[in-house]
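Have a look at the structure below before the remarks.
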Amino acid sequence: MAALEILHYPHPALKSVAEPIAEVTEEIRVLAENMAETMYLAAGVGLAANQVGILKRIFVIDCADEDAPSELRVFINPEITEMDGEQMFNEGCLSFPGANEDVKRAETVRVKALDAQGEEFSLDADGLLAVAIQHELDHLNGVTMIDKVGKMKKRKISRQVQQAVAELR
Ligand code: NI
């Protein structure tokens, strides 16, 4: 396994629409493993392929509590087939270090996707998992948290990320 470089806003890959994965090959499984390692190293709960510069429709999520066993989930070609309710969630994103904003999301979602074995599955999610699924699916469509907030907050987020990235260097 190898950790990948996480791209930060305003990298153009974050604004690009990812392409469907035609076949779940060994290469895709290795990508999923590397994305999971990258997510864990960065202490994130989700990571989409756009964030590592790969424009393929795949993301990984692990919303387990820190002291609980890991619950890694791989979503390939995901589609939300049902959504219901509303929740506000204070979201962060590994591509937006230093920024957190309230984003309005559906309370529950049903998502259909392929797993790392290429098997189709359907999952009903609520709470943090539902938020993470919506956030990561947005990434695959070139949409990020900064697209979800008003003008004033856009400027604030942009400043916060610039500052945090400068500190990382
Ligand atoms: Ni994100």
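Please report, as a whole percent, how much of the solvent-accessible surface of the range 12-168 comes from carbon and sulfur atoms (probe radius 1.4 Å).
48 percent
A 1.4 Å probe run over the protein chains yields, for the range 59-169, 55 Å² of accessible area per residue, whole-number rounding. In sequence order, the range 69-82 has phi-based couplings of x, 5, 10, 5, 10, 10, 10, 10, 6, x, 9, 7, 9, 8 Hz under the Karplus curve 6.51 cos²θ - 1.76 cosθ + 1.60, θ = phi - 60°, and Gly or Pro positions carry x. Pairs of alpha-carbon atoms within less than 8 angstrom and 6+ residues apart define the contacts here; what relative contact order does the chain have, in percent? Relative contact order comes out at 24 percent.
Hey, can you rank 124-135, 36-47, 3-14 by average C-beta count inside 10 Å, highest first?
With the highest mean Cβ count within 10 Å placed first, the list reads 124-135, 36-47, 3-14.
Shape analysis of the range 1-89 places it in the rounded category; the axes a ≥ b ≥ c from the Cα gyration tensor give an a/c below 1.5.
Residue ranges 144-156, 89-101 sort as 89-101, 144-156 when ordered by packing (mean number of other C-beta atoms within 10 Å per residue, highest first).
When shorter helices are ignored and each DSSP H run of at least 4 residues is given -39500 (n - 2.57), the per-residue value for the chain at 222 nm works out to -9500 deg cm²/dmol. Taking 0.36 nm per residue of sequence separation and removing the Cα-Cα distance, the E86/T108 pair yields an extension gain of 7.1 nm. Between the range 12-27 and the range 144-169, the alpha-carbon centres lie 25 Å apart. Proximity of backbone amide H atoms, modeled 1.01 Å from N, is registered between D102 and E91 at under 5 Å, excluding neighbours fewer than 5 places apart on the same chain.
With only the Cα atoms considered, the chain has a convex hull volume of 114 Å³ per residue. Applying 0.36 nm per residue to the separation of Q163 and A64 and subtracting their alpha-carbon distance, the gain on full extension is 32.7 nm. What FRET efficiency comes out for D115 versus M152 if R0 is 35 angstrom and r is the Cβ-Cβ distance? Round to the nearest 0.05. With R0 = 35 Å, the Cβ-Cβ based efficiency is 0.30. Per-residue 3J(HN,Hα) values for the range 10-19, derived from phi via the Karplus relation 6.51 cos²θ - 1.76 cosθ + 1.60 with θ = phi - 60°, read x, 4, x, 4, 6, 9, 9, 8, 7, 8 Hz in sequence order (x marks Gly and Pro).
The values are calculated or read from the model by the stated rules, or taken from the named source; none is laboratory data. Here the structure is a predicted model, which is why all the values come from computation and not from measurement. A quick note on method: Cβ atoms are made from the backbone with ideal geometry, for glycine too, and the neighbour counts reach across all protein chains shown. Surface areas here come from the heavy atoms of the whole protein model, side chains and all, with no ligands, DNA or RNA. Shrake-Rupley method; radii C 1.70, N 1.55, O 1.52, S 1.80 Å.
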